[in-house]
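Asker: Okay, here's the structure, questions in a sec.
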Amino acid sequence: MRETPELRAGVDGEPVDVRSLLTIDVDAELRKLTSAGLEGPWQLPSELVRRAVHAGARAVAVVTGWRRVEVVDDGDPIPGEQLTWLMTLLDDAAPSERRHQALLALEGAAAHELLALTGLLRGHEFELTSGGARIVAASGRPPRREAAATRGGTTIAVRGPGLDVARARRWVKEMCRFAPGRVTLDGAPVNDGAGDFMCSTALRFDDGAGEARVTGLVALTARGEQTRVWLLQHGVVTTHVGINNAPCFEAVVDFGPSIPGRASAIDLRTALARELSALVDRAVSLMLQVARRIAGLTPRTQERLLRLLFLCARRGYRVDEIRQLAILPRAVDGAELGWMSVEAIERAVQVDASGHRHVQALYPEQSPAGFALRGPPVLILDAPSRSALSELFKLRFHPPAPRSDGQTLRERAREGLMRIGWALGDRLRPGARQIPAHELDADDRRFLELLRVAVSGPADAPEEVHLCHGHGVVRRTRGPPSKLLLPRQNPDVAACRALVLREPAWAYLAALSLLGGRSLPGKAARAAWVRASSSLAEPSG
């Protein structure tokens, strides 16, 4: 008799079925497949939200309890053949070949959430209701499929000790913050991440056929100088990326169906690289669009927008357009504000022999009423804006002449009494009163500029840094805005000031000391210190 591929002679001459020696360990393959995409069961609820969004759901509710999570959505039901494959995969008594075929079929259909139900939750109990069918599975018992009354939407409930519900809640809040429609966690909305932005605009890039290959939004933030892009697929965050040497903005980018299957973080980063240039251009366009209506913004938003535009110019984006925008506040008679462009200022001021343009300017805390405003324009700029304009456009600033009529006797007496009160207050509560910018000398301003750059970046960083009168302790205020207050006569502040003025790279260590462990300096400041530390000798004293 001729041997078939399945039969071989054994030791005793008896035929042996080779297929029995090549049994596939489906459970091991399933665990390997699901653990490659998910770190643990706590990530499953957010993946079920992703499945629901992909199925067209406009409302998704995540409900948690003791060792229990339930996800309910109003999207299209799970296809019947996928439920059949799931039943086969859940049945430990089914032949390995059939279970392996079911695994491959679910993987090919990108039903990774159904695979995770069996691969990550072995020993747990779950109940799935979708498309008029209910599947109930529990450890030690065969799965059960029965008819269900409802045919709309999908409900998946999971129970078990290894679910880590608290961690699952935190993960849902973080990953589903930009999801479309309405996503709730125990009744409270969680997809309100765009509410943290200063302003935003919708993002859509189409393919050649008019279909959207990328959707999302581009936004400007109220703090920080780091560009960050949140990468989504089907409404749920997969990863986020920081981008260097780009204008400061945040973007939410959803690749959706343009990347088939369940994309990995590497897949999404690769796709982002192809869209990055267009994404940056859209962000800069948003800044320019908002800047054209700067007069209607709040003072804090105006200040933030100026810094974002200066950062764009510093990195070489749309410099000529920024030069033409009327974004610099100008004092006019009647204590009102006008707005001028850098280009208009350059035409209105004189240039000295070194090529610098001298501009009259006041600090925001100075009252224009005490100065002569006729003649050349008088800008109102804080220290960081002056520093940026000096660096980018070679502008230099000096105060305008005081009014010839001066103050009335009553105004002078009032100011004298205020100064006496300030002096007494400084003695009773050292370090309490902030020093106005126009009273700072050039070294003070340089020290503050370097320190402000060093502390910026982290979410818990102070929003403002100021010098104060007196010799008290360094203090943090909660705000808004949160402030770091540095008494000028404080020994630590004086030592840090001398250190930073001697070598700017030490601003990182100065910030580390003055923050007192309540937050850390920015990564850029640390990188600058690391680069310079090899060539810097530690200063004595």
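Asker: Can you list the HN-Hα couplings for region 455-463, worked out from phi with the Karplus curve (6.51, -1.76, 1.60; θ = phi - 60°), rounded to whole Hz and with x for Gly and Pro?
Answerer: Running phi through 6.51 cos²θ - 1.76 cosθ + 1.60 with θ = phi - 60° gives 7, 6, x, x, 5, 9, 6, x, 7 Hz.
Asker: Based on the alpha-carbon gyration tensor of region 182-221 and its eigenvalue square roots a ≥ b ≥ c, which shape applies: rounded if a/c is under 1.5, prolate if not and a/b is larger than b/c, or oblate?
Answerer: Verdict is oblate for region 182-221.
Asker: Could you give the Stokes-Einstein D for the chain in µm² per second, using the C-alpha Kirkwood radius, 10 °C, 1.306 mPa s?
Answerer: Values: Rh = 28.4 Å.
Translational D for this selection: 56 µm²/s.
Asker: Kindly give Rg over Rh for region 28-110, based on alpha-carbon atoms, with the Kirkwood expression for the hydrodynamic radius.
Answerer: My calculation of the ratio gives 0.99.
Asker: Still on this structure: What value in Å³ per residue do you get for the convex hull of the alpha-carbon atoms in region 271-363?
Answerer: Spread over its residues, the Cα hull of region 271-363 gives 122 Å³ apiece.
Asker: Right, here's the next one. When N counts the residues of region 245-288, how does its alpha-carbon radius of gyration compare numerically with 2.2 N^0.38 Å, as a ratio?
Answerer: Values: Rg = 12.0 Å, N = 44, 2.2 N^0.38 = 9.3 Å.
Output field value: 1.30.
Asker: Something else about it: For region 63-134, just list the percent of Cα-Cα distances falling in each 10 Å bin from zero outward, please.
Answerer: Using 10 Å bins, I get a P(r) of 17, 51, 27, 4 for region 63-134.
Asker: Using 7 Å Cα-to-Cβ label points, what is the L276/E81 separation (nm, one decimal)?
Answerer: Placing both labels 7 Å beyond Cα along the Cβ direction yields 4.0 nm.
Asker: May I ask you to give the solvent-accessible area per residue for the chain, in square angstrom, as obtained with a 1.4 angstrom probe?
Answerer: So the chain comes to 52 Å² accessible per residue, rounded to a whole number.
Asker: Could you quote the convex hull projected area for region 192-277, Cα atoms only and averaged over all directions, in nm²? If you can, show how the numbers build up before the last one.
Answerer: On the way: hull surface 23.0 nm².
So the mean shadow area of the Cα hull is 5.7 nm².
Asker: What residues qualify as long-range amide H neighbours of A59, i.e. H under 5 Å apart, gap of 5 or more or another chain, H built at 1.01 Å from N?
Answerer: Under 5 Å from the amide H of A59: D74, R182.
Asker: To the nearest 0.05, what FRET efficiency results for H438 and A209 with a Förster distance of 51 Å applied to their C-beta separation? Walk me through the numbers on the way to the answer.
Answerer: Details: r = 60 Å, r/R0 = 1.19.
Efficiency for this residue pair is about 0.25.
Asker: Under the rule a/c < 1.5 gives rounded, and otherwise a/b versus b/c splits prolate from oblate, where does region 94-231 land using the Cα gyration tensor? Walk me through the intermediate numbers first.
Answerer: Values: a/c = 2.31, a/b = 1.78, b/c = 1.30.
Prolate.
Asker: Same structure again: For n ≥ 4 DSSP H runs only, could you compute -39500 (n - 2.57) per run for the chain, divide by its residues and tell me the 222 nm figure to the nearest 500? Show your work: numbers first, answer last.
Answerer: Working: 16 runs with 199 residues, N = 541.
Result for the chain: -11500 deg cm²/dmol, rounded to the nearest 500.
Asker: Among F249, I322, G338, which residue has its Cα furthest toward the positive end of the charge dipole of region 222-377, with +1 on Lys/Arg Cβ and -1 on Asp/Glu Cβ?
Answerer: So the residue furthest toward the plus end is F249.
Asker: Just for the Cα atoms in region 442-541, what are the lengths along the principal axes, largest first, rounded to whole Å?
Answerer: Sorted from largest, the Cα extents of region 442-541 read 39, 29, 24 Å.
Asker: Roll a 1.4 Å probe over the protein heavy atoms and report the accessible area of D164 in Å², nearest 10.
Answerer: 70 Å²
Asker: Now for a separate question. Over region 217-266, what is the relative contact order in whole percent, taking alpha-carbon pairs under 8 Å and six or more residues apart?
Answerer: 42 percent
Asker: By a straight-distance test (C-alpha under 19 Å), which lysines pair with K523 as possible cross-link partners, with residues fewer than eight away in the same chain excluded?
Answerer: none
Asker: Would you mind calculating the relative contact order of the chain from Cα pairs under 8 angstrom and at least 6 residues apart, reporting the percent as a whole number? Mind dumping the intermediate values first?
Answerer: Numbers: 926 pairs, mean separation 42.2, N = 541.
Here the relative contact order equals 8 percent.
Asker: OK, next. On the full set of protein chains, 1.4 Å probe, figure out the accessible area of S456 and give it in Å² to the nearest 10.
Answerer: Accessible area, nearest 10 Å²: 40 Å².
Asker: Now a separate question. In whole Hz and in residue order, list the ³J(HN,Hα) couplings for region 194-199 that follow from phi through the Karplus curve 6.51 cos²θ - 1.76 cosθ + 1.60, θ = phi - 60°; x for Gly and Pro.
Answerer: With coefficients 6.51, -1.76 and 1.60, one gets 5, x, 7, 8, 5, 7 Hz.
Asker: Okay, next question. For the residue pair S96 and A148, what label-to-label distance in nm results when each label sits 7 Å from Cα along the Cα-to-beta-carbon direction?
Answerer: A separation of 3.3 nm, rounded to one decimal place.
Asker: Under 5 Å between amide hydrogens, which residues at least 5 positions from R396 or on another chain qualify, with H placed 1.01 Å from N in the peptide plane?
Answerer: Amide H neighbours of R396, under 5 Å, 5+ apart: R357, H358, V359.
Asker: Turning to a different aspect of this structure: Once a ≥ b ≥ c are taken as the square roots of the eigenvalues of the Cα gyration tensor of region 121-186, is the result rounded (a/c under 1.5), prolate (a/b larger than b/c) or oblate (a/b not larger than b/c)? Could you put the intermediate results ahead of the total?
Answerer: Numbers: a/c = 3.81, a/b = 1.29, b/c = 2.95.
Cα axes put region 121-186 in the oblate bin.
Asker: Between the helical axis of 80-90 and the dominant principal axis of the chain, each derived from Cα atoms, what acute angle in degrees is found, rounded to the nearest 10?
Answerer: Its long axis makes an angle of about 80 degrees.
Asker: Between A494 and A295, 0.36 nm times their residue separation minus their Cα-Cα distance comes to what? Please report the intermediate quantities before stating the final value.
Answerer: Values: separation 199, 0.36 × 199 = 71.64 nm, distance 3.90 nm.
Taking A494 through A295 to full extension adds about 67.7 nm, to one decimal.
Asker: Give me the number: length gained by fully extending E391 to A166, i.e. 0.36 nm times residue separation minus the C-alpha to C-alpha distance, one decimal in nm. Let's see the in-between values first.
Answerer: On the way: separation 225, 0.36 × 225 = 81.00 nm, distance 4.98 nm.
Once the chain is fully extended between E391 and A166, it gains 76.0 nm.
Asker: Using each residue's phi in region 97-106, evaluate 6.51 cos²θ - 1.76 cosθ + 1.60 at θ = phi - 60° and report the 3J(HN,Hα) Karplus result to the nearest Hz, with x for Gly and Pro.
Answerer: Per residue, the Karplus-derived 3J(HN,Hα) values read 5, 5, 5, 5, 4, 5, 4, 5, 5, 5 Hz.
Asker: Taking H placed 1.01 Å from N in the peptide plane, check which residues at least 5 places from M340 or on another chain put their amide H under 5 Å from its amide H.
Answerer: Answer set, sorted by chain and number: I327, L328, R330.
Asker: So for each of 221-230, 269-278 I average, over its residues, the number of other beta carbons within 10 Å; can you give me the resulting order with the highest mean first? All intermediate terms of the calculation are to be shown ahead of the outcome.
Answerer: Values: 221-230: 18.1, 269-278: 14.1.
Ranked from most to least packed, the peptides come out as 221-230, 269-278.
Asker: Okay, next question. So, how do all the Cα-to-Cα distances of region 45-165 break down into 10 Å bins, in percent, from 0 on up?
Answerer: 14, 47, 35, 4
Asker: Within the accessible area of the chain, what % is carbon and sulfur when the probe is 1.4 Å and the other protein chains stay in place? Let's see the in-between values first.
Answerer: Working: 14550 of 28160 Å².
That fraction is 52 percent.
The values are calculated or read from the model by the stated rules, or taken from the named source; none is laboratory data. Every value quoted in this text rests on a predicted model; they were computed, and no experiment measured them. Reconstructed Cβ throughout: ideal geometry from the backbone, glycine too, with neighbour counts over all protein chains shown. Keep in mind that these areas ignore ligands, DNA and RNA; they rest on the heavy atoms of the full protein, side chains included. Shrake-Rupley method; radii C 1.70, N 1.55, O 1.52, S 1.80 Å.
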